[in-house]
1. Please give the FRET efficiency for residue 86 paired with residue 49, using the beta carbon to beta carbon distance and R0 = 35 Å, rounded to the nearest 0.05.
2. If you take the square roots of the eigenvalues of the alpha-carbon gyration tensor of the range 1-66 and sort them as a ≥ b ≥ c, do you get rounded (a/c under 1.5), prolate (a/b over b/c) or oblate?
């Protein structure tokens with residue numbers, strides 16, 4: 001579940017996720033009765049393995065901050081997709097591949 005928490009936060013690209021949103025992402029419609037306590041435990045464990053200040057608590061939730069834009073494969077894939085779209089629109093099908 002710690003990995004799922006980290007993935008959910010990384011997909012938000014620096015935006016804060018509320019505890020309720022994260023509980024839903026981790027357990028869906030039937031979370032355990034101690035879901036909030038478990039979420040806090042997972043966040044605490046993640047903080048121990050991440051650089052200081054990366055996992056932050058704010059506004060009743062959590063966010064991942066301080067990663068450069070190219071640190072995630074998702075960001076790289078999105079950038080490449082945007083470049084391919086631009087090349088295709090310009091008629092450069094070779095570069096669009």
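1. 0.40
2. Prolate is the answer for the range 1-66, as a/c is 1.5 or above and a/b outweighs b/c.
Bear in mind that the values in this text are calculations on the coordinates, not laboratory data. The structure presented is a predicted model; accordingly, all values stated were derived computationally and were not measured. Methodologically, a virtual Cβ is constructed for each residue, glycine included, from the backbone with ideal geometry; neighbour enumeration extends over all protein chains shown.
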